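Quick notes on the structure that follows.
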Amino acid sequence: MWNALTDAARELANRSDIRVVIIRGDGDVAFASGADISEFGKARRSSDQAEAYHATVQEALDAIEAIPYPVIAQIRGFCIGAGTAIALACDLRYLDASVRFGIPAAKLGIGYSPPWIDRLAQVVGHSTAAEILMSAKLFDVEKAQRCGFANEVLPVEELDSFVSERATLFAANAPLTLRAAKTCLRELSKPEHTRDWSSVVDAAQRCVDSSDYQTALKAFAEKRTPEFLGE
C-alpha cells in the first residue's frame, strides 16, 4: 500500500491539469484504519525491519506533503495509527461527525519514527500529542476540532458537498500563489537552521512574474473574476 501511495502522490505532483487533491477512504467505515497488524510479525520482526518499514511509510508521507497543490483529507469513520499520519500529511482535514481518531501504538508495543511525532505535535501541540500517544485511546470529533486536527467537522450527510465546494474554491485561485504558500508553510515546519528561504522567495517571485498576475490585475480593473492558468 505504501509504495502505491508514494507512486500515486508523485504522479499527481507532476501533473499540470489538476488544482486540488482529495484523499478519502474507500467507503464510509474508515478513512484508514491503520497498518495491517497481522503483517507486523514479518515486517517489524527486528529493529532493522522496523527501520525499513518506517522509511517506506515516511517516503509516502513525504510524497503527499510534496504535492504542490492543496491536499484535502476527507475523513469518515475510523482514522487510526498510520491513517492519522496520512491525514496529518495533508494540508487540510475535513471530518464528518462519525470520526474516531487515535494512535494505538502504546497498546501494540511499537514505536513511531520522529518525523511522525513531530508532525503530530506541530498540528495539535506538544501536550495533546503526548495525550494521544500515551493514552493510545480513540478520540471523538470534539477533541479533533479543539486540538486543531480537524479544520471543520460536518454532519455525515454534508461532508461530500462541503469538501466539493471547498475544493472548487481553492481550484479557482491562482495555482502559483497556492504553490508559494505551500512552499513557505513547508519551510516553516522545518527546524529553523534547515529552512530554505531562497525557495520561498523564488516561489513568490514567480507569482509576480507570472501571466496570471497580469490577468488578475486586468480582471480587477474590469470588475470580473480572473481565470488562472498557472503560468
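Read-outs: derived from the displayed coordinates by stated rules, not from any lab. Note that this is a predicted model, so its numbers are computed, not measured. Cβ atoms come from the backbone with ideal geometry, glycine included; neighbour counts cover every protein chain shown.
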### Summary
Once SER161 and SER98 are pulled to full extension, the length gained, defined as 0.36 nm per residue separation minus their Cα-Cα distance, is 21.0 nm
### Query
Can you sort HIS126, HIS193 so the residue with the fewest Cβ neighbours within 10 Å comes first?
HIS193, HIS126
## Note on the structure
Computed from the beta carbon distance with a Förster radius of 45 Å, FRET efficiency for ALA204 and GLN49 to the nearest 0.05 stands at 0.55
### Query
In straight Cα distance, which lysines are under 30 Å from LYS182, not counting same-chain residues fewer than 8 positions off?
LYS143, LYS190, LYS218, LYS223
### Task
Report, to the nearest 10°, how far helix 114-124 tilts away from the longest principal axis of the Cα atoms in the chain, using its own Cα long axis and a range of 0 to 90°.
60 degrees
### Query
Got the relative contact order for the stretch 173-221 handy, in percent, Cα pairs under 8 Å and 6 or more residues apart?
40 percent
### Query
Against the longest principal axis of the chain, how steep is helix 159-171, in degrees 0 to 90 to the nearest 10, with axes from Cα atoms?
40 degrees
### Residue order, fewest to most surrounding Cβ atoms within 10 angstrom, among VAL21, VAL153
VAL153, VAL21
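Which of ASP28, ASP212 has the fewest other C-beta atoms within 10 Å, and how do the rest follow up to the most?
Starting with the residue having the fewest Cβ neighbours, the order is ASP28, ASP212.
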### Query
Here are some values of percent of Cα pairs over 31 Å apart: (i) 27; (ii) 52; (iii) 17. Which one was computed from this structure?
(i)
### Query
For the Cα atoms of the chain, what angle does the longest principal axis make with the long axis of helix 175-188, in degrees from 0 to 90, nearest 10?
40 degrees
